[in-house]
Amino acid sequence: MSSFWQKSAAGYLLKSTVRLVLVIAAVSVISFVLVSESPIDPIKAYVGEVGLANMNEETYAKFQAYFGTDIPPVKRYLNWAHDFIRGDMGQSLLYRQPVTGVIKEKFANSMALMALAWVFSGIVAFVLGVLAGVFKNSALDKIIKNYALVLASAPTFWLALIALMVFSVWLRIFPIGFSVPLGVAAADVTVWDSLYHLALPALTLSLTGIASITLHTREKVIDVMGEDYILYARARGQRLWPMVTGHVIRNVTLPAITLQFASISEIFGGSVLVEQVFSFPGLGQAAVRAGIGGDAPLLLGIAIISAALVFGGNLLANLLYGLIDPKIRRQGRAS
């Protein structure tokens, strides 16, 4: 890698860091406003309607101080922002432990789920797209294209419910939910147990990212297959698959990688619904519980981590462009 590209990458990283700070600030403000304007009463959600009706004023005042509802929203946000800058995300009101500890525990589960789904969806979608493009208008192409269109229009929670009903309830191939077997001590849970409970949610989540990459890769393959040098090679009698692996795949890899990293936000959004259906203890399930329970510190922490994760995926994709496509490096030198 040239020194020019290293300098360009360093400059881009610096600009991206500034953008990330601005994105985190915007996300925190918007999330805090939405939580503050929510009609959900965190005290009522915490103790229940009956508990709230039987609560005296002194106890209610203590709950107000605990949830921070007795402090003006602007001051509450500034207090949170001041602590966040010092590295303290606050205390989760529902889990009664530091937000960083809750996120650390839930993030590990979500990352295992999303990483497996992300890798699987990228590989499957790319292969299906190449096959559909190479065999354009064939029966295989029609099957793959219709399959992708159905996935693109199917809601994630519906796919998760169907997968749960078929593979867990009817066929009993996979467990109904959770990340570990019920009634088993944490020390006795094996890697196989974790993978076994992770498999169906990950496979279901991977379906959300297959459609767009498959259809886009198919179109790119069709365009490349129509280029003059490909037609000339075919006219000379060059075999199909050496030509596909040597020329076609090389030209469609970069757009596929672009979409693959862009799908991180889609995968993360789908994980919230998948975790709810499969009762998988990840960030998505924690975010839903925090939103319903009015746990502002935890919800803000999850929103910031989510924004940083999506931003990091797009940043990594942009940095990989120059490593994969030499045209970008040449354009950088010319500018």
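The values are calculated or read from the model by the stated rules, or taken from the named source; none is laboratory data. Since the model is a prediction, treat every value here as computed from it, not as a measurement. Methodologically, a virtual Cβ is constructed for each residue, glycine included, from the backbone with ideal geometry; neighbour enumeration extends over all protein chains shown.
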Query raised in the report: Which of the residues that make up region 278-329 are at pLDDT 80 or above and outside any helix (DSSP H, G or I)?
Result: Phe278, Ser279, Phe280, Pro281, Gly282, Asp295
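Among the residues of region 38-52, how many are surrounded by 13 or more Cβ atoms within 10 Å (Cβ to Cβ) and either in contact with a strand residue (DSSP E or B) (Cβ under 8 Å, 6 or more places away or on another chain) or of a type in the set (A, V, I, L, M, F, W, C) (or both)? It would help to see each step written out before you state the result.
Going residue by residue through region 38-52, those that are surrounded by 13 or more Cβ atoms within 10 Å (Cβ to Cβ) are 38, 41-47, 51-52.
From what's left, either in contact with a strand residue (DSSP E or B) (Cβ under 8 Å, 6 or more places away or on another chain) or of a type in the set (A, V, I, L, M, F, W, C) (or both): 43, 45, 47, 52.
Count: 4.
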Report summary line: Among residues of region 53-96 being among the hydrophobic types (A, V, I, L, M, F, W, C) and not in a helix (DSSP H, G or I), the residue surrounded by the fewest Cβ atoms within 10 Å (Cβ to Cβ) is Ile71
Query raised in the report: Given the structure, is Thr217 closer than 30 Å to Ser31 by Cα and among the hydroxyl-bearing types (Ser, Thr, Tyr)?
Result: no
Report summary line: Scanning region 225-250 residue by residue, those among the polar types (S, T, N, Q) and at pLDDT below 80 turn out to be Gln238
Query raised in the report: For region 130-169, which residues satisfy the criterion of being more than 26 Å from Ser279 (Cβ to Cβ), among the β-branched types (Val, Ile, Thr) and surrounded by 15 or more Cβ atoms within 10 Å (Cβ to Cβ)?
Result: Val130, Val134, Ile144
Query raised in the report: Is it true that some residue in region 209-224 is out of contact with any Leu (no Cβ under 8 Å at 6 or more places or on another chain), surrounded by fewer than 17 Cβ atoms within 10 Å (Cβ to Cβ), over 20 Å from Ala163 (Cβ atoms) and without any contact (Cβ under 8 Å) to a residue 60 or more places away in the chain?
Result: yes
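Identify, from the list Ser168, Ser212, the residue that is of a type outside the set (A, V, I, L, M, F, W, C), in the same structural domain as Gly129 (by TED's automatic domain parsing) and within 16 Å of Ala117 (Cβ to Cβ). Don't jump to the end; show me each part of the working.
On the way: Ser168 fails: within 16 Å of Ala117 (Cβ to Cβ).
Every option except Ser212 fails the conditions.
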Query raised in the report: Of all residues in region 100-140, which are among the polar types (S, T, N, Q) and in contact (Cβ under 8 Å) with a residue 24 or more places away in the chain?
Result: Thr100, Asn109, Ser110, Ser121
